[in-house]
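Reading through the structure tokens given below for one structure.
The values are calculated or read from the model by the stated rules, or taken from the named source; none is laboratory data. Predicted, not measured: the structure shown is a model, and the values here were computed from it. For neighbour counting, all protein chains shown are included, and Cβ atoms are generated from backbone atoms with ideal geometry for every residue, glycine included.
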């Protein structure tokens, strides 16, 4: 039996656990920050005045671009990418839910490696 392989496997498992714990801590802080920002009146004003207009403007520009006789595919792809970005960050609740899902995935990965009931 090669004991050096066992030691290396244990070190890799410990490094992965450390990484997952750091990621879990960071994601927890991100989720808390998102929840705090989302609840603020400042965010509600900013969303109404800036982000809602950005989304509608991008949608309008995309529709205009697709209705042209000669379609510029690069411009359509660029607008689509911007629209995806705008949808992702304009809705903090949805963004926060995505981060919560990431956090759950990390917790599940940690549980798989270290089950609480001692089962392997």
- Task: Check segment 81-92 and report whether any residue there is at pLDDT 85 or above, touching a helix residue (DSSP H, G or I) at 6+ places or on another chain (Cβ under 7 Å) and surrounded by fewer than 16 Cβ atoms within 10 Å (Cβ to Cβ).
- Result: no
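With the requirement that a residue be surrounded by 12 or more Cβ atoms within 10 Å (Cβ to Cβ) and at pLDDT 70 or above, what does segment 8-18 give you?
Going through segment 8-18, the residues surrounded by 12 or more Cβ atoms within 10 Å (Cβ to Cβ) turn out to be 13, 16-17.
Within segment 8-18, 16, 17 meet the criteria.
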- Any chance residue 36 is at pLDDT 90 or above and closer than 26 Å to residue 21 by Cα: yes
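Looking for something outside any helix (DSSP H, G or I), out of contact with any strand residue (DSSP E or B) (no Cβ under 7 Å at 6 or more places or on another chain) and farther than 24 Å from residue 19 by Cα - is there at least one such residue anywhere in segment 90-98? First the steps, then the outcome.
First, pick out the residues of segment 90-98 that are outside any helix (DSSP H, G or I): 91.
When the remaining residues are screened for being out of contact with any strand residue (DSSP E or B) (no Cβ under 7 Å at 6 or more places or on another chain), the result is 91.
From the residues that got through so far, the ones that are farther than 24 Å from residue 19 by Cα too are 91.
Yes: one or more hits.
For residue 74, are the conditions met, namely being under 30 Å from residue 60 (Cα atoms), assigned to a helix (DSSP H, G or I), in contact with a helix residue (DSSP H, G or I) (Cβ under 9 Å, 6 or more places away or on another chain) and modelled with pLDDT of 85 or more?
Numbers: under 30 Å from residue 60 (Cα atoms): yes; assigned to a helix (DSSP H, G or I): yes; in contact with a helix residue (DSSP H, G or I) (Cβ under 9 Å, 6 or more places away or on another chain): no; modelled with pLDDT of 85 or more: yes.
Against the criterion (under 30 Å from residue 60 (Cα atoms), assigned to a helix (DSSP H, G or I), in contact with a helix residue (DSSP H, G or I) (Cβ under 9 Å, 6 or more places away or on another chain) and modelled with pLDDT of 85 or more), residue 74 does not qualify.
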- Item | Positions within segment 45-71 being assigned to a helix (DSSP H, G or I) and farther than 16 Å from residue 92 by Cβ, in sequence order | 53, 56, 57, 58, 59, 60, 61, 62, 63, 64, 65, 66
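Give the residue, chosen from 17, 21, that is in contact with a helix residue (DSSP H, G or I) (Cβ under 7 Å, 6 or more places away or on another chain) and assigned to a helix (DSSP H, G or I). Reasoning before the result, please.
On the way: 21 fails: in contact with a helix residue (DSSP H, G or I) (Cβ under 7 Å, 6 or more places away or on another chain).
Checking each option against the conditions leaves just 17.
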